[in-house]
Amino acid sequence: MNPSAPEPIEIDQAVSDQPDASETKETDTPLVLPCRTIHWTAPFRWLALGFQDYRQTPGLSLLFGIVIVLVSAVVSALAWQLGRFALLAALLSGFVFIAPLIGVGLYSVSRARLAGRRPHLAESFSLARRVVGHAGVFALLQLVIIMIWSRSGMMVTAFVPVADGDTAALLEYLAIGSAIGSLFAALTFAMSAFSLPLIADRDIDMITACLSSINAVLRNKPAALVWAGLIAVLTAVGFATALLGLGLIMPWLAYATFHGYRAVFDTTEPSSPTV
């Protein structure tokens, strides 16, 4: 054996929310954080870990859930009363991506539990205050995308008129509208999938977080599609229960998202100081 050869380094993968040993880590540019390639079934593990967090912290979870339900009800009621149906549709379409801003402090719950600490409401507020600037940039980006998305729908209605009984025109309208909506939904999801947990757990800027999130989604398309589908189904259940189900679903998704971030990104990198 060559005495100058370095000894192999063992990597401990015993953490419950880390990916399997067959999953790899990749990195490209300084603006993109290292990420792993994960199995398409990984999102189900995130949901399981997120539900454990919910069961262990019912008080905090219920508190944030009530806030989310109340804000959702107020926004929807205002949009409905003002008669802005296009605005209401845009809000409902983008709600699943904006809602984590309301409960960004929920990430501190999973973060504290992973660190072996007891979660506290004060820590959640401290985390929210620390990332409020980055979260504001994120909210502005999402608002711009949703406004363009809504305006695009109006333009499709204007340029592709549908007369009564014209099935061909109706199919064309639905095809164009669905294609445009899918593009905006994909962009919004890719930007928001992991960006908020990144800024909550690390001292990075919002641009790096968004680019890293997009890169992680592109490198894990099967898992990202499964995760997006689970979010869509669970959110639909929340709306189908007159928004009441969001009180359980949104905190659960927030916890699961944090575990997803931990599984996808290189968590050997130093995180932000404890808040």
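Some observations on this one:
- Protection proxy ranking, peptides 238-251, 190-203, 158-171, average beta carbon neighbours within 10 Å, highest first: 190-203, 238-251, 158-171
- Protection-proxy order for peptides 115-126, 145-156, 39-50, each taking the mean of Cβ atoms within 10 Å per residue, highest first: 39-50, 145-156, 115-126
Laboratory data are not the source of any read-out in this text; all were calculated from the coordinates shown. Since the structure is predicted, the reported quantities are computational estimates derived from the model, not experimental observations. Cβ: placed from backbone, ideal geometry, glycine included. Neighbour counts: every protein chain shown.
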